[in-house]
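Beneath this line is the structure, given in structure tokens, with notes to follow.
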Amino acid sequence: MRVVVGLLLLLLGLCGSGAQGEAGGLGEVAEINESRDPKDAAEKSTEQIARQTTSDIWTELRALRDMVVELNVHVELLQRENSDLQTRLSSSEFRTDQLERENADMQIRLSSSERELLISKSRIDQLERKNAVQATELTSLERRLTTTERKTSDLEKENAVQATELVSFERRLTSSESRTSDLEKENADLQTRLSSSESRIDQLETENAEKPKVAFYTALTDAGNLGPYNTDITLKYSKVFTNIGNAYNPSTGFFTAPVKGVYNLQFTVFGYYASNSGVYVYKNNQKIMLNWERNSNDLVPEYFTNSLVLELTAGDVIYLVLPSGNSIFDDVNNYSTFSGSLLFTL
């Protein structure tokens, strides 16, 4: 760009010097006209002007030829510069191509005829204006390019930050996936354990369903006092409220263990209008307990309660016996009771 501007300034300077030469020749002609014969002076002045003009033309043509050569060199440099600008600024390819075509046209026209100097000068001026416009556009493009580069740098920084965050997210995701895998394994283990527990529960339920269920609760009678008698009698608890498993027989007063296991047995004895109240606990034909209460005042009721935990085999019999000389009382209020249940099998 600077080379083209210098070339244009040089051409303008040459044109100015040629104009001054013409002005000088006219001055000399005026001086001749004043000092000599008008006719001779005119002829000599004409010849002198013609020679001077011819010499000036050849001088100017040689200068123009040199200028054309230099212009060719500068045009080539300009084309290279435009080619570089084309590489940097892809958006200005059309304008750069147009400039190269105009420069090529100008070079052809300058080479073909010096007579088109004014046209060439006009085209050079036009080219200078276009180059100035292009320089302005290039400056604007450079600014845009700088802005774009800054934005690109900022985007690269943001991308670097995002890449770091992405790596962090990937690590967290990997950790989460690992934790999820562990949880899935734990859940699988829990599912296995749950399935095993459910299977065990089903098995226990099946076993529990298969195990005998034994429980009974009875009361003695609604008749009031029994006894005293001269001999021991077996107490038959005739009011049966609960008899799961039918292990208690109210007609005999016997509780018969249906399976081997540990049983809990309990009884309550109530004495009213009696001097002595008591019971024996029998296992099969063996006494295993005696409970009794002496009443010093027949009008005051007395009662006692006791319980036993016994290991029984299938077929063992438990029953209560009223000792001779003792009495026991019961009525609709169920004062005297006998109950028991299977705690667990053996």
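The values are calculated or read from the model by the stated rules, or taken from the named source; none is laboratory data. Computed from a predicted model, the values in this text were never measured in an experiment. Cβ placement follows ideal geometry from the backbone for every residue including glycine, while neighbour counts extend to all protein chains displayed. These accessible areas exclude ligands, DNA and RNA; they are computed on the full protein's heavy atoms, side chains included. Shrake-Rupley method; radii C 1.70, N 1.55, O 1.52, S 1.80 Å.
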Here, trypsin sites (Lys or Arg not before Pro) of the stretch 152-219 satisfying both criteria (DSSP loop; at most 13 other Cβ within 10 Å) are Lys213
Per-residue HN-Hα couplings for the stretch 318-328 [Karplus 6.51, -1.76, 1.60; θ = phi - 60°; Hz; x = Gly/Pro]: 10, 7, 10, 10, 8, x, 5, x, 10, 10, 9
Mind checking the per residue accessible area of the stretch 215-345 for me, 1.4 Å probe, whole number of Å²? 48
If you roll a 1.4 Å probe over the heavy atoms of the protein chains, what accessible area per residue do you get for the stretch 60-210, in Å²? 74
Please give every one of the aspartates and glutamates within straight-line cross-link reach of Lys185, meaning a C-alpha to C-alpha distance under 16 Å, and leave out same-chain neighbours fewer than 8 residues apart. Glu177
What nm distance separates the two modelled labels at Phe241 and Arg88, each placed 7 Å from Cα along Cα→Cβ? 11.1
How large is the Kirkwood hydrodynamic radius of the stretch 150-234, in angstrom, based on all distinct alpha carbon pairs? 21.2
For q = 0.15, 0.17 Å⁻¹, Debye-computed log10 I/I(0) when each Cα of the stretch 177-306 counts as one equal scatterer: -0.85, -1.01
With each pseudo-label sitting 7 Å past Cα toward Cβ, what's the Asp105-Asp202 distance in nm, one decimal? 9.7
If each K or R counts +1 and each D or E counts -1, the residues other than Val332 whose Cβ falls under 15 Å of its Cβ total -2
Between Leu166 and Asp125, what is the label-point separation in nm under the 7 Å Cα-to-beta-carbon projection? 5.9
